[in-house]
Amino acid sequence: MPTVLITGGTGTIGKRLTTLLLQKGYSVNILTRNNIPSNQPNLTHFQWDINAQTIDPLAIQSAQFIIHLAGAGVADKRWSTYRKNEILNSRIKSSALIVKALNEIKNNVQAVISASAIGWYGPDLSSTPPDGFKETDAAYDDFLGNTCAAWEKSVKPVVQLGKRLVILRTGIVLSNKGGALVEFMKPLKFKIAPILGNGKQMISWIHIDDLCDQYIWAIENTDMKGVYNAVAPSPISNKNLVLALALKVVGKYFITFNVPSFILKVILGEMSIEVLKSTTVSCQKILEQGYCFKYPLIKDALQQLLVTD
């Protein structure tokens, strides 16, 4: 089986993707800042440094595919000017290093599958199609829209190097190991279900296993190229997601309350814009490619995530 090189392989998505690739018989190389020995068969760690623009040549030489996930977490910290630069630079510098390595190191890499995000799109408008934003829609002129545009642009030179390129614009990833779902669940320990703003904002989400399967799908389907939205076919409002989660976790007896927008702005600053933004995104293109979702509905996704360790 081929070898897949993963950047950002130590994050929530990268760890799950590594597990699924190994289960399918792939070998996996993971790029990290520190040399981490591995006792797992077919799993090797290699060092890189995006600031110094250095990478272990063996990581590139031994790989047939690259999955590029690296980037500072958008929701991990408040968006100061420093943090916004960190979010942007971690993406474009890591892409630049991948491009540089592929150009300078003899390799057999066939395809690069890169992460992007639905932050590319703006808020839902009256002119937004009922099934949501499509891959051909222009990037929105705000921080995340511009970041996604720069991110995607930074990886596109691999095409000129003869590599097939697939970009997955990822929605809100639901996992029980981290991310949005874990944050939503924290208040439920106290039987409190907070609804953000008016709760009407649409969330375009995806189960982590569907996302990881789409990366593998992109490896295995050689006619797949270009940009695809990685979201489930059933977006849900913030209110309905919180209520569905509360019913699953604590049953019928819980307290709901709306967190006012101005409170979120005080707590989160500029990031509150994204928390309160309604973005409905279409997955029609990847469905037409033949991908079949394991968890197309939120009830099935929550059922699996809340009963699995």
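The values are calculated or read from the model by the stated rules, or taken from the named source; none is laboratory data. Keep in mind that this is a model prediction, so the values were computed, not measured. A quick note on method: Cβ atoms are made from the backbone with ideal geometry, for glycine too, and the neighbour counts reach across all protein chains shown.
Quick check on my filter: what residues within the stretch 243-282 are among the basic types (Lys, Arg) and in a helix (DSSP H, G or I)? Answer for the stretch 243-282, where residues must be among the basic types (Lys, Arg) and in a helix (DSSP H, G or I): Lys248, Lys265. One residue alone among Gly132, Gly119 is crowded, with 20+ Cβ neighbours inside 10 Å, on the phi > 0 side of the Ramachandran plot and touching a residue at least 60 places away in the same chain (Cβ under 8 Å), and that residue is Gly132.
Across the stretch 212-242, the number of residues qualifying as part of a helix (DSSP H, G or I) and either surrounded by fewer than 17 Cβ atoms within 10 Å (Cβ to Cβ) or of a type in the set (Ser, Thr, Tyr) (or both) comes to 3. Scanning the stretch 172-194 for residues that are surrounded by fewer than 20 Cβ atoms within 10 Å (Cβ to Cβ), of a type in the set (Val, Ile, Thr), in contact (Cβ under 8 Å) with a residue 40 or more places away in the chain and assigned to a helix (DSSP H, G or I) turns up nothing. The set of residues from the stretch 1-26 being closer than 17 Å to Ile98 by Cα and among the aliphatic types (A, V, I, L, M) comprises Val4, Leu5, Ile6. Where strands (runs of 3 or more DSSP E) fall entirely within the stretch 7-89, those with at least 2 residues that are of a type outside the set (Lys, Arg) and within 19 Å of the chain's Cα centre (by Cα) are at 27-32, 65-68. Within the stretch 1-31, being of a type in the set (Gly, Ala, Ser) and surrounded by 18 or more Cβ atoms within 10 Å (Cβ to Cβ) holds for Gly8, Gly9, Gly11, Gly14, Ser27. Out of Tyr121, Tyr215, one residue alone is within 19 Å of Glu270 (Cα to Cα) and of a type outside the set (D, E, K, R). It is Tyr121.
What about Gly251, is it modelled with pLDDT of 90 or more and either surrounded by fewer than 15 Cβ atoms within 10 Å (Cβ to Cβ) or over 24 Å from Asn176 (Cα atoms) (or both)? Judged against the criteria, Gly251 is not a match.
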